[in-house]
Every structure is written in C-alpha cells, then in structure tokens.
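The values are calculated or read from the model by the stated rules, or taken from the named source; none is laboratory data. Just so you know, these numbers come straight off a predicted model, no measurement behind them. Here the Cβ is made from the backbone with ideal geometry for all residues, glycine too, and neighbour counts use every protein chain on show.
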C-alpha cells in the first residue's frame, strides 16, 4: 500500500449527507496532505484530465489509460493482496461495478453533495460520470439523409451484410444493450415493428428484443473488433459500399481528422442507438480518500469533463452540456438514444453469457 500520513480531517467513505454541510475548501486542504493518486479510465483523455486537475488544485494525479477488463482485474487483485495502488476508477462497465466491485467491497461510489441536485437521479447509485452514445451512422457521400427510418430495417434483405458493428461476443456493452432493450424498451421495439410493417409482431421468441436481436444476427452484420473499423467500413474516403454503422459518437471526429463522411442517423423509430455509461468509483484501501473524492468532484464539473465532452460523452450533471462544435451533433438527439439504466445493471451482468449464446446461435455470416 502507498505510504502517507492522513489528516484527521479525512472525510472517510461514509459520505456527507447534505450539500450545506459539504466544504469543498476543507476537502482540497485534506487532499493536499495526502499521497499522489492514480486514476484509471479507458480513454487516453484521462492523461490530460489528471494533468489539469493537478494544475488546478496542486494535488498530484496521474491518469492511466486502462481497459475496463484490466481495471476490474487490477482493483480486485490489489485489494486481495493488500497492495492498493489505484485510487480512482472511471470504468466503462457499469454491470461489472454493480456485480463485482461494489458488493465485493473493492470500491465505493460517492456523489459530491454540492452537485447532487444537478445530477440525474438515475445516475447516482452508483455515480455515472458520463454517457457515451453509440449511434447509427451513414455515409453522407452516398446519401443525402439516413437511408433508414426504422431500426427493424436493419434486419431486412437490403441491409444483409451491410450493418457494421462491434462483435457482441467481444464487446459486453452490446449484450448489455440487448438486455437494456428487453428490460426498458421492449414495448417501444414492438410498437416500431407494427408501425413499420402494419401488423403486430408475431414471434416464438420471448420478447420483441429477442426477435430483433435474432433477426439482426441472422442478417449477417459485418462484425468488427473496434468502433474505428466499423466507422471505416461506413465512411472512409473512397468508400462506395452503402453500409450503416453502429459506432461511438467519438468516431465522428474522424470526419475532420481522417476525411471520413459519417452522418448521424436521426429520427429512427424507436431509437438511434444506445448509451454506454462510465461509473466513477473510489477504490477501497486508498491512502488518499480525500484526493480521490476531489477528483470525482472535478470530473462532475464542466471543466473537469471537458476533454471527454469533445468526443460526445455527456455528463450526468445536467448543467454540463456538449461543445457547440462537437462533431456528431448528438447533443440535439440524446432524447432519441436509449440511455443506460443502472437499475437493471446486475441483471445485465448476470445475463451476458446468455445473450452471447443467443447471438452465437442466430448469427449467420
């Protein structure tokens, strides 16, 4: 465990119940007396965020880009060995946090009391820092507008082999999406089918979601190992094949950086994609609980989350928006995105293998 002397002012992990009792200056003072912190996140933007935090508060923080699976393994292994090196985890796997880290006592969620009134209630248990939209996109060099208006069109012969997306067998956020649809939007998916085909959905599957997922898998989508590859299939320079892609909003920056021609599909019934969330956790056993809390407070502000907002990641703090020049334009269409609901996060965790097996059973190349 990292060495360091903790001030008696340390606030501990039980939290401050009321905003009026919270003293940010006391937290800063306590944080400055603690050892440096290490912050994990799956985006390289965490390096810049940690540097800006250090410059602002004089509290040393190091940002480390680490995939969610590696964060999970590291936090559990360090806790079990009694050698905690990481202090804050911004992990883009809410079900893993709910299913393993929190109940196992490896980490704790903390909501800044002075910001709680501005944070979406659904995003407070655990604290969801940002939502990262994964949206349907088209090639603006081939189409003037998105060529589909209903998500069920992705299951039709016209788009057989022409839907580019990450492989659900290697990307848990996709199986989480399936489970979130079934839990929170199955009626909307069923209604969209009837609106498109003019008749009720008849299926031997257990839900409209399962019927949709089975049909999508059977339509032979182009499965990739990254959002970058899916975006390239849709709108790389010179692309002539009419693909629809399901990609991170962050990929729209490649329009300027790599000459892509990605366009956001909007107005699709019942939604244009889904949002994957990032949960902010303080690692139990940290020698720097106040510094860790201060960092969580920082990333819940517009200043702190700015580097990620540039990529279309929307803060759970309702007073924090996206930059006007954010490339995808998703800010005006977040109501069309299926947002992540952590209320069924444990079920998302428990059903991952079931959904992977379901996809494997129905997928055709």
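Key figures
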item: So residue 293, is it under 20 Å from residue 98 (Cα atoms), in the same structural domain as residue 26 (by TED's automatic domain parsing) and surrounded by 16 or more Cβ atoms within 10 Å (Cβ to Cβ); result: yes
item: Residue within the range 352-359 that is within 17 Å of the chain's Cα centre (by Cα), modelled with pLDDT of 95 or more, buried (at least 24 other Cβ atoms within 10 Å of the Cβ) and at negative phi present; result: no
item: The range 69-90, residues that are assigned to a helix (DSSP H, G or I) and either at positive phi or surrounded by 24 or more Cβ atoms within 10 Å (Cβ to Cβ) (or both); result: 71, 75
item: Conditions (1) surrounded by fewer than 17 Cβ atoms within 10 Å (Cβ to Cβ); (2) within 25 Å of residue 172 (Cβ to Cβ); (3) in contact with a helix residue (DSSP H, G or I) (Cβ under 8 Å, 6 or more places away or on another chain): number failed by residue 93; result: (1)
item: Leading residue by the ranking (modelled with the lowest pLDDT) among those in the range 5-59 that are farther than 15 Å from residue 294 by Cβ and assigned to a loop (DSSP other than H, G, I, E, B); result: 8
item: Tally of residues being in contact with a helix residue (DSSP H, G or I) (Cβ under 8 Å, 6 or more places away or on another chain) and closer than 26 Å to residue 227 by Cα across the range 51-68; result: 5
item: Residue under evaluation residue 148, criteria (1) part of a loop (DSSP other than H, G, I, E, B); (2) over 12 Å from residue 244 (Cα atoms), criterion not met; result: (2)
item: Residue 216 in contact with a strand residue (DSSP E or B) (Cβ under 9 Å, 6 or more places away or on another chain) and either at negative phi or free of Cβ contacts under 8 Å to residues at least 40 places away in the same chain (or both); result: yes
item: Wholly enclosed helices (runs of 4 or more DSSP H) of the range 248-357 bearing at least 2 residues in contact with a helix residue (DSSP H, G or I) (Cβ under 6 Å, 6 or more places away or on another chain); result: 289-299, 302-309, 345-350
item: Subset of the range 205-222 that is out of contact with any helix residue (DSSP H, G or I) (no Cβ under 7 Å at 6 or more places or on another chain) and buried (at least 21 other Cβ atoms within 10 Å of the Cβ) - its residue that is nearest to residue 156 (Cα to Cα); result: 221
item: Residue under evaluation residue 136, criteria (1) more than 19 Å from residue 219 (Cβ to Cβ); (2) buried (at least 19 other Cβ atoms within 10 Å of the Cβ); (3) in the same structural domain as residue 230 (by TED's automatic domain parsing), criterion not met; result: (1)
item: Top-ranked residue in the range 333-351 [being more than 19 Å from residue 127 (Cα to Cα) and in contact (Cβ under 8 Å) with a residue 60 or more places away in the chain; ranked as surrounded by the fewest Cβ atoms within 10 Å (Cβ to Cβ)]; result: 350
item: Residue within the range 27-50 that is under 18 Å from residue 308 (Cα atoms), outside the structural domain of residue 269 (by TED's automatic domain parsing) and surrounded by fewer than 16 Cβ atoms within 10 Å (Cβ to Cβ) present; result: yes
item: Selection within the range 151-183 - part of a helix (DSSP H, G or I), under 17 Å from the mean Cα position of the chain (by Cα) and in contact (Cβ under 8 Å) with a residue 60 or more places away in the chain; result: 172, 173, 175, 176, 177, 178, 179, 180, 181
item: Pick from the range 184-204, criterion touching a helix residue (DSSP H, G or I) at 6+ places or on another chain (Cβ under 8 Å) and without any contact (Cβ under 8 Å) to a residue 12 or more places away in the chain, ranking: nearest to residue 363 (Cα to Cα); result: 203
item: Selected residue (criterion: modelled with the lowest pLDDT) from residues of the range 150-183 that are surrounded by 16 or more Cβ atoms within 10 Å (Cβ to Cβ) and more than 16 Å from residue 216 (Cβ to Cβ); result: 172
